[in-house]
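Encoded as structure tokens, the structure appears first; notes follow it.
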Amino acid sequence: MSPKKPEMEERTKQIVAPWKGRHGGTIPVLQEVQKEFGYLPEDALMVISREMKIPPSELFGVATFYAQFHLKPRGRHIIRVCRGTACHVRGSLAILDKIKKVLQIEENGTTEDLRYTLEPVACLGACGLAPVMMVDEETHGRLTPDKVMETLGSYE
Amino acid sequence: MKVKSLEDLRKIKENAKDLTSARSGGATRVIVGMGTCGIAAGAREVMTAILEELDRRGLRDVAVETTGCIGMCQKEPLVDIIRPGEPRITYGDVSPGDVPRIIVEHLVNGRVVEDKVIGQTD
Amino acid sequence: MAFYRAHVLVCKGTGCSASGSSSVFDALGEEIRKRGLDQEVALVETGCHGMCEMGPIVVIYPEGSLYCRVSVDDVPEIVEEHLYKGRLVQRLLYTTPDRKVKVPRYRDIPFYSKQHRIALRNCGYINPDNIEEYIARDGYAALAKALTSMKPEEVLSEVKTSGLRGRGGGGFPTGLKWEFCRKAPGDKKYVICNADEGDPGAFMDRSILEGDPHAVIEGMMLGAYAMGADEGYIYCRAEYPLAIKRLVGAIAQAEEFGLIGDNVMDTDFSFHLHIKEGAGAFVCGEETALMASIEGERGMPRPRPPFPANKGLWGKPSNINNVETWANVPNIIRNGGSWFASIGTEKSKGTKVFALTGKVNNTGLVEVPMGTTIRDIVFDMGGGILKDRKFKAVQIGGPSGGCLTEEHLDLPVDYESLTAAGAIMGSGGLVVMDEDTCMVDVSKFFLEFTQRESCGKCVPCREGTKQMLLILEKITSGKGRMEDLKILEDLAVMVKEMSLCGLGQTAPNPVLTTLRYFRDEYETHIRDKKCLAKACSALISYLIDPDKCKKCGLCAKNCPVKCISGDRNTPYVIDQEKCIKCGTCLEVCPFQAVFKE
């Protein structure tokens with residue numbers, strides 16, 4: 001369901017427009033483009049490069065530096081399993097393993113039906129509820145390997 | 001409203017104090033008995049009258065609390081008033097009509113309304 | 001406005017929201033209306049109280065009663081009993097970990113009664129979306145005082161007097177840092193708030209931003225006034241969507257009230273504030289990397305000098321402080337620097353917020369005067385170790401910090417004493433570990449983190465942490481040699497001394513402190529090939545107790561590699577050669593017949 005190339009390029013141009021000629025726009029533009037398409041399509045990056053007069057090498061450099069940016073399509077729901085210290089000592093590895101096992105995906109992988117993408121993250125800052133995961137924008141705490149699949153099931 | 005001066009900020013603060021004053025506990029406490037007996041005797045109406053009177057007089061530093069039955073059911077509705085450093089005064093058979101008098105006399109002027117008092121504890 | 005006799009405060013911080021506080025909030029509103037109490041009872045949403053474990057938390061004033069783990073089903077009872085009849089709902093009150101005492105009042109709960117809240121003073125007390133509630137609590141009074149009756153130098157000197165030091169990790173004196181920036185030549189200067197709270201295990205900055213965003217804004221404005229800046233940036237992690245939402249709202253309200261903008265309060269002082277969302281790189285917590293990231297570059301640190309105070313954001317003099325530091329500033333200006341300096345120890349003034357987590361009964365945020373002992377924090381406020389197990393260590397300061405042991409329990413927590421013991425204050429993460437925690441595994445865990453987050457610019461950090469991690473992986477999988485410990489130590493010292501920025505300079509701390517205090521655990525892993533805490537999967541085996549085995553076959557059915565055999569007449573046995581130690585059998589056995597050794 002990814003958009004056709006001309007539409008994608010058009011939309012990217014619209015996102016870039018307000019940042020032309022201003023400094024500090026690279027990351028907000030990448031964030032906005034990713035919000036629009038779910039990831040950073042190569043064609044869109046080329047448009048940004050041309051429009052903002054940033055060499056592709058530099059742009060790809062930024063896009064690959066930050067954990068937030070993705071160059072491949074991702075699932076409809078992003079599962080972020082917290083691997084912070086508090087979660088670690090309260091068993092987050094077992095949560096992560098359980099999800100990997102059931103969904104048959106690796107870390108940073110996406111299920112074939114594009115339903116879920118699994119991303120371990122450094123810390124979600126909800127340590128009081130450890131172990132924690134975030135599905136899209138919602139945080140779920142006090143997880144157990146059993147509870148986790150039940151929670152995930154509610155995300156179609 | 002735009003804050004243009006110290007005075008403006010002070011005004012906003014004065015108005016906004018009501019927003020959080022109930023959370024500081026209030027210096028003076030008014031306690032209404034809200035057991036089954038109290039409610040049956042009309043404690044709800046007394047409570048409403050108290051809140052209206054406090055609002056009308058702009059008295060904010062007052063904590064209005066509710067409490068359960070204290071065992072003097074025949075004297076309900078009961079209202080207790082505790083002012084800092086003073087004994088706890090219990091009024092009995094309070095009707096909404098008594099409320100303005102109790103608040104003006106006791107809370108504002110510091111004079112206990114003797115004819116309604118049924119008890120005093122330190 | 002009507003007189004609200006009671007205020008019902010519902011925490012809508014990230015922690016309580018995750019436990020379902022939004023539906024509790026809605027249900028309370030509905031029930032209060034139904035009982036006809038909506039003209040006398042105010043329902044307010046607040047930020048974090050810091051006791052997330054007990055969430056959703058509901059506090060009712062004027063009594064100051066705190067209810068824990070409130071669910072939608074509890075709502076009718078709370079409204080009927082507490083709000084209508086004035087009787088406490090006993091079963092929802094906080095209970096001490098020994099299950100003996102129920103504590104009716106918020107302020108009497110040991111977790112709170114020992115705290116001294118300055119940076120957190122409004123968190124959980126006001127509605128963060130309402131600027132008027134902040135003003136009611138003396139908000140923006142410090143800014144007004146500074147703009148109308150103090151010269152910028154005087155603001156600076158109050159901060160210097162206060163002895164405030166950076167709360168983000170380094171502990172550099174804030175007043176001095178401001179002075180460098182103030183003295184730097186240039187007509188354009190920036191103030192920046194570091195809200196890229198990346199340390200796993202720390203969440204005080206998130207709490208402050210969610211619960212009291214105006215305090216941070218006001219602090220930044222006071223700094224801008226003192227240093228002669230007119231523009232500010234808040235660099236916030238994208239993983240904190242609620243904090244960003246609250247900040248956006250707070251800035252808009254402050255602008256509407258004319259507290260942010262041109263000629264604030266009809267003075268010559270103007271200030272504009274922007275929010276930048278981080279993009280997920282731990283190294284961006286380092287100030288030069290953070291500025292590079294705001295500029296749209298890869299977030300890599302640059303060598304210093306030049307310091308940001310002279311050449312910072314877009315080459316202009318800039319000052320960066322973290323969230324907690326900024327939140328302290330309005331209190332200092334309002335109450336005076338000497339008031340702040342009267343709290344704490346000789347060299348570490350004021351309070352510090354710690355994120356108490358791990359194997360402890362009460363997890364959450366505690367703000368205590370500097371100099372409080374670890375014992376007070378872990379055992380008094382934290383209520384001791386989970387399930388009454390034995391305390392083993394506490395890890396302070398995140399991946400840059402270190403592990404301290406039982407002998408440090410009475411150590412007064414301040415910058416100097418922690419550094420001397422090999423840990424650091426860091427951002428204040430405090431993770432409690434018990435006898436089931438393997439210290440080698442913990443140091444591997446932290447190194448995995450810093451290794452992954454190393455930006456790769458300087459060799460000692462990029463290659464050094466990698467080699468250290470390889471050695472730790474060897475040790476935890478039972479292939480270590482005794483001489484590895486010496487190499488590990490040498491590498492650690494090298495990385496610490498030669499790295500470009502704080503990330504590399506502190507990355508070896510967890511390894512060094514565990515080697516210092518728990519060397520025997522490393523040795524057991526190497527010599528006996530054993531992990532006594534049973535955490536390193538390569539060194540443990542899963543076994544089935546034939547006496548407990550009821551021969552149900554669930555383990556064999558669920559085993560992903562089919563290495564468990566047995567039948568209705570013979571107890572099941574695990575083939576150790578084929579076992580991948582996934583732990584599934586232990587998880588599924590209904591009779592606890594599977595155990596680790």
Q: May I ask you to list the residues in the stretch C:511-543 that are buried (at least 20 other Cβ atoms within 10 Å of the Cβ) and touching a strand residue (DSSP E or B) at 6+ places or on another chain (Cβ under 6 Å)?
A: C:513, C:514, C:517, C:542
Q) Going through the stretch C:361-407 one residue at a time, which ones are among the charged types (D, E, K, R) and in contact with a Pro (Cβ under 8 Å, 6 or more places away or on another chain)? A) C:380
Q.
Please list, ordered by residue number, the strands (runs of 3 or more DSSP E) wholly in the stretch B:47-122 having 3 or more residues that are over 27 Å from residue C:79 (Cβ atoms).
A. B:117-121
**Q.** Candidates B:94, B:46, B:113 - the one that is in contact with a Leu (Cβ under 8 Å, 6 or more places away or on another chain) and of a type in the set (Val, Ile, Thr)
**A.** B:94
Q | Residue, modelled with the lowest pLDDT, within the stretch C:116-151, restricted to residues that are within 9 Å of chain B (Cβ to nearest Cβ) and under 14 Å from residue C:48 (Cβ atoms) | A | C:125
Q: Can you tell me which residue within the stretch C:323-367, out of those that are within 14 Å of another protein chain (Cβ to nearest Cβ), within 22 Å of residue C:234 (Cβ to Cβ) and not in a helix (DSSP H, G or I), is modelled with the highest pLDDT?
A: C:353
Q. For the stretch C:248-269, which residues satisfy the criterion of being more than 9 Å from every other protein chain (Cβ to nearest Cβ) and in contact (Cβ under 8 Å) with a residue 40 or more places away in the chain?
A. C:249, C:250, C:253, C:254, C:260, C:267, C:269
Q. Could you say which residue among A:61, A:75 is under 18 Å from the mean Cα position of the chain (by Cα) and surrounded by 18 or more Cβ atoms within 10 Å (Cβ to Cβ)?
A. A:75
Q. From the list C:119, C:136, C:146, which one is outside the structural domain of residue C:15 (by TED's automatic domain parsing) and without any contact (Cβ under 8 Å) to a residue 12 or more places away in the chain?
A. C:136
(Q) Among (1) of a type outside the set (A, V, I, L, M); (2) facing chain C (nearest Cβ under 7 Å); (3) without any contact (Cβ under 8 Å) to a residue 24 or more places away in the chain, there is one condition residue A:107 misses while meeting the rest; what is its number? (A) (2)
(Q) For a quick check of your reading: which helices (runs of 4 or more DSSP H) sit entirely within the stretch C:178-281 and have at least 2 residues that are over 23 Å from residue B:4 (Cα atoms)? (A) C:204-211, C:241-256
Q. For the stretch A:18-50, what are the residues that are farther than 23 Å from residue A:73 by Cβ and in contact (Cβ under 8 Å) with a residue 12 or more places away in the chain?
A. A:19, A:20, A:25
Q | Criterion: within 26 Å of the chain's Cα centre (by Cα), buried (at least 20 other Cβ atoms within 10 Å of the Cβ) and more than 30 Å from residue C:388 (Cα to Cα) - qualifying residue of C:438, C:455 | A | C:455
Q. Given the structure, is residue B:65 on the phi < 0 side of the Ramachandran plot and away from chain C (no Cβ under 13 Å)?
A. no
Q. Among the candidates B:79, B:3, which residue alone is crowded, with 20+ Cβ neighbours inside 10 Å, in contact with a helix residue (DSSP H, G or I) (Cβ under 9 Å, 6 or more places away or on another chain), more than 9 Å from every other protein chain (Cβ to nearest Cβ) and of a type outside the set (D, E, K, R)?
A. B:79
Q) How many residues does the stretch A:100-130 contain that are aliphatic (A, V, I, L, M), over 30 Å from residue C:68 (Cα atoms) and out of contact with any Gly (no Cβ under 7 Å at 6 or more places or on another chain)? A) 3
(Q) For the stretch C:79-102: of the residues being within 14 Å of chain B (Cβ to nearest Cβ) and not in a helix (DSSP H, G or I), which is modelled with the highest pLDDT? (A) C:89
Q | Within the stretch A:122-156, tally of residues that are part of a helix (DSSP H, G or I) and facing chain C (nearest Cβ under 7 Å) | A | 4
Q. In the list C:216, C:283, which residue meets the criterion of being crowded, with 24+ Cβ neighbours inside 10 Å, within 14 Å of chain A (Cβ to nearest Cβ) and under 27 Å from residue C:181 (Cα atoms)?
A. C:283
Q: Evaluate the stretch B:14-28: report whether one residue or more is more than 9 Å from chain C (Cβ to nearest Cβ), hydroxyl-bearing (Ser, Thr, Tyr) and more than 18 Å from residue C:83 (Cβ to Cβ).
A: yes
Q) Just a yes or no: is a residue in the stretch C:178-186 of a type in the set (A, V, I, L, M) and under 26 Å from the mean Cα position of the chain (by Cα)? A) no
Q | Only listed residue being more than 12 Å from chain A (Cβ to nearest Cβ), modelled with pLDDT of 90 or more and out of contact with any strand residue (DSSP E or B) (no Cβ under 6 Å at 6 or more places or on another chain), chosen from C:404, C:411 | A | C:411
**Q.** Hits in the stretch A:98-112 - residues which are in contact with a helix residue (DSSP H, G or I) (Cβ under 9 Å, 6 or more places away or on another chain) and either surrounded by fewer than 16 Cβ atoms within 10 Å (Cβ to Cβ) or assigned to a loop (DSSP other than H, G, I, E, B) (or both)
**A.** A:101, A:102, A:105, A:106, A:107, A:109, A:111
(Q) Looking at the stretch B:42-71 only, could you name the residues that are over 12 Å from the mean Cα position of the chain (by Cα), modelled with pLDDT of 85 or more and surrounded by fewer than 22 Cβ atoms within 10 Å (Cβ to Cβ)? (A) B:42, B:44, B:45, B:56
Q: Identify the residue in the stretch C:298-310 that is closer than 23 Å to residue C:461 by Cβ and more than 27 Å from the chain's Cα centre (by Cα) and, among all such residues, is farthest from the other protein chains (Cβ to nearest Cβ).
A: C:305
Q) So, in the stretch C:451-482, of the ones that are assigned to a helix (DSSP H, G or I) and facing chain A (nearest Cβ under 10 Å), which residue ends up nearest to residue C:354 (Cα to Cα)? A) C:453
Q | So residue B:11, is it at negative phi, within 7 Å of chain C (Cβ to nearest Cβ) and basic (Lys, Arg) | A | no
Q. What are the residues in the stretch B:35-49 that are facing chain C (nearest Cβ under 8 Å) and closer than 21 Å to residue C:43 by Cα, if any?
A. B:47, B:48
Q. Looking at C:155, C:159, C:191, which is the one that is β-branched (Val, Ile, Thr) and under 30 Å from residue C:279 (Cβ atoms)?
A. C:191
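The values are calculated or read from the model by the stated rules, or taken from the named source; none is laboratory data. Being a predicted model, the structure only gives us computed values, none of them experimental. Every residue, glycine among them, receives a Cβ derived from its backbone with ideal geometry; neighbour counts consider all protein chains shown.
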